[in-house]
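For reference, the structure is listed below as structure tokens.
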Amino acid sequence: MTLLILWRHGQTAWNAAGRVQGQTDTPLSDLGAQQARAAAPRLAALKPTVLIASDLRRAADTQAALEALVGLPVRHDARLRERSFGRWEGLTHAEMIAGWPEAFERWRRSEPVGDADVEEVDALGKRTATALQEAVDEAPGDAVIVAATHGAAARYATCALLGWPAEFAPTLGALHNCHSTHLLFDDVRGWQLLAHNVP
């Protein structure tokens, strides 16, 4: 069996300001770096055997806090990046509503956006789940994999791995900064959700 931990990055200035980040490479804020250092010992206690991370700075720097404790190399994978929000990146919700009111409402209802070059959730779930399944398949038995990634990426990857429709993702609730989702892969039973939004 393999334990997979999907660990959201620490806070950034754009998180604090309510700006959509997507794949814009924003750094951790001072608070975000503190969050990563505070959470890392709890994850280290799970005795991870594999560390992977999105190649975006906020996730890579979050994972570096755990790397420093466990001494494992980190493999960076661009497929673990956050959802691309196209022309919405850097905008607040008010700015999105002003420019794309109908598309914004579709996004809020977890429907296909179909505008502003926003990546659709089926594509997001497929790319993230493929990367994570490959990591599990390549890991030794009884591995504990910690994947530092992003909020939407983690939720839609969870749905894709569990075989849930993408429409189920909002029922998981938002994944807070430096919180995690825990999944178990069993060779017989497949994927199981153990916990979500673990501090």
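Which one of Ala98, Ala131 is surrounded by fewer than 20 Cβ atoms within 10 Å (Cβ to Cβ) and out of contact with any His (no Cβ under 9 Å at 6 or more places or on another chain)?
None of the others qualify; the one that does is Ala98.
Which is open to solvent by less than 20 Å² (accessible area, probe 1.4 Å) and not in a helix (DSSP H, G or I), of Val118, Val136?
Val118
Looking at the stretch 166-176 only, could you name the residues that are surrounded by 12 or more Cβ atoms within 10 Å (Cβ to Cβ), out of contact with any Gly (no Cβ under 9 Å at 6 or more places or on another chain) and not in a helix (DSSP H, G or I)?
Residues satisfying the conditions do not exist here.
When the stretch 88-133 is examined, which residues are found to be among the β-branched types (Val, Ile, Thr), more than 21 Å from Ala169 (Cα to Cα) and touching a residue at least 12 places away in the same chain (Cβ under 8 Å)?
Thr92
Restricting attention to the stretch 5-12, does a residue exist that is touching a Gly at 6+ places or on another chain (Cβ under 9 Å) and open to solvent by 60 Å² or more (accessible area, probe 1.4 Å)?
No, that holds for no residue.
Across the stretch 47-57, what is the total count of residues that are open to solvent by less than 40 Å² (accessible area, probe 1.4 Å) and out of contact with any Asp or Glu (no Cβ under 8 Å at 6 or more places or on another chain)?
2
Identify, please: which residue in the stretch 178-192 is touching a helix residue (DSSP H, G or I) at 6+ places or on another chain (Cβ under 6 Å) and either without any contact (Cβ under 8 Å) to a residue 60 or more places away in the chain or part of a loop (DSSP other than H, G, I, E, B) (or both) and is, among those, most open to solvent (accessible area, probe 1.4 Å)?
Trp191
If a residue must be open to solvent by 30 Å² or more (accessible area, probe 1.4 Å) and either basic (Lys, Arg) or part of a strand (DSSP E or B) (or both), how many such residues does the stretch 75-89 contain?
Qualifying residue count, the stretch 75-89: 5.
Does Pro112 satisfy the condition of being touching a strand residue (DSSP E or B) at 6+ places or on another chain (Cβ under 8 Å) and open to solvent by 70 Å² or more (accessible area, probe 1.4 Å)?
In short, no.
When you go through Leu43, Leu31, Leu69, Leu56 one by one, which is the residue that is in contact with a strand residue (DSSP E or B) (Cβ under 6 Å, 6 or more places away or on another chain) and not charged (D, E, K, R)?
After applying the criteria, what remains is Leu43.
The values are calculated or read from the model by the stated rules, or taken from the named source; none is laboratory data. Only a predicted model underlies this, so the values are computations on that prediction, with no experimental measurement involved. Methodologically, a virtual Cβ is constructed for each residue, glycine included, from the backbone with ideal geometry; neighbour enumeration extends over all protein chains shown. Heads up: the accessible areas ignore ligands, DNA and RNA and are worked out on the full protein's heavy atoms, side chains in. Shrake-Rupley method; radii C 1.70, N 1.55, O 1.52, S 1.80 Å.
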